[in-house]
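Below is one structure; the comments refer to it alone.
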């Protein structure tokens, strides 16, 4: 039985970074416990507040955010944190070496109906001087990540993690309270006939995305020459996990409902960590026009169009933009 700490040590992960990952996972274990209790823990339903994104907060959004924030800013290795639920970055230890960004509860609209949700996190080095509440320290491309992962809270709690040496799955063994390695060096099939997209937004998409989806729906008789299945869970963690397990392509493209926003998903704590995980597993992640990991953020809550998954299918989608 290989525990998470064993694999991190084998991969030569710095002790300070291992401590940051450990504390992140401790908070995720607590979130998993509260989710498993559901209504018994009094964590269902919404608050009367909105976050900085203008989204109504679920009670567990707030609880999850506070769990992660409090444990991480107490870690001596963490200079600061950035969260979907925080207006601004939050300072930790001024001497800390790392910055952590996270979506404390992705897909939280699914909580009340008992569907899969998750926590996404990204870790960067704190290059340069300054306090962790200085947003400028965080504005690095996804290529600079030193660790990224998510925890999927489903029938079992699964940690998916990369430190730049491939992608591993760990399952929470509740009898010992530890994440145990269950799948090593995950690889995504290069080809797929399964896509995930919110079709209700179709009328708002760019012509290139409309053309690609139209051709997918034409099946064997269309130019792509195969029959596609469609999936949509409304939880990025669940969508990405399905792709890692059996392949596929996930899309949340730019649309014209608010032209001032580049997309729906946040670059720093959704797009970047998920893109790095996908590419470490042999897939591809793009905005449609450029690699997500190369996008230079201007703010901690920047949004970005996201298309990721099986490499050859993502390249097929990108060919529509190249035309």
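What the table shows:
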quantity	calculated
Residue tally, condition within 16 Å of residue 278 (Cβ to Cβ) and within 17 Å of the chain's Cα centre (by Cα), over the stretch 163-196	9
When residues of the stretch 249-262 are limited to those that are touching a helix residue (DSSP H, G or I) at 6+ places or on another chain (Cβ under 6 Å) and either modelled with pLDDT of 95 or more or closer than 16 Å to residue 314 by Cα (or both), the one surrounded by the fewest Cβ atoms within 10 Å (Cβ to Cβ)	253
Residues being at positive phi and either in contact with a helix residue (DSSP H, G or I) (Cβ under 7 Å, 6 or more places away or on another chain) or surrounded by 14 or more Cβ atoms within 10 Å (Cβ to Cβ) (or both) - total across the stretch 200-248	3
Exclusive hit being without any contact (Cβ under 8 Å) to a residue 60 or more places away in the chain, over 28 Å from residue 155 (Cβ atoms) and either within 14 Å of the chain's Cα centre (by Cα) or not assigned by TED's automatic domain parsing to the domain that holds residue 109 (or both), set 231, 257	257
Residue count for the stretch 90-108, restricted to those that are surrounded by fewer than 23 Cβ atoms within 10 Å (Cβ to Cβ), in contact with a helix residue (DSSP H, G or I) (Cβ under 7 Å, 6 or more places away or on another chain) and assigned to a loop (DSSP other than H, G, I, E, B)	2
The stretch 143-165: number of residues that are touching a strand residue (DSSP E or B) at 6+ places or on another chain (Cβ under 8 Å) and outside any strand (DSSP E or B)	4
Pairs with Cβ under 7 Å, 6+ apart, first in the stretch 2-13 and in contact (Cβ under 8 Å) with a residue 12 or more places away in the chain, second loosely packed, with under 15 Cβ neighbours inside 10 Å	11/165
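The values are calculated or read from the model by the stated rules, or taken from the named source; none is laboratory data. These numbers come from a predicted model, not from an experiment. FYI the Cβ positions are ideal-geometry reconstructions off the backbone, even for glycines, and counts take in every protein chain you see.
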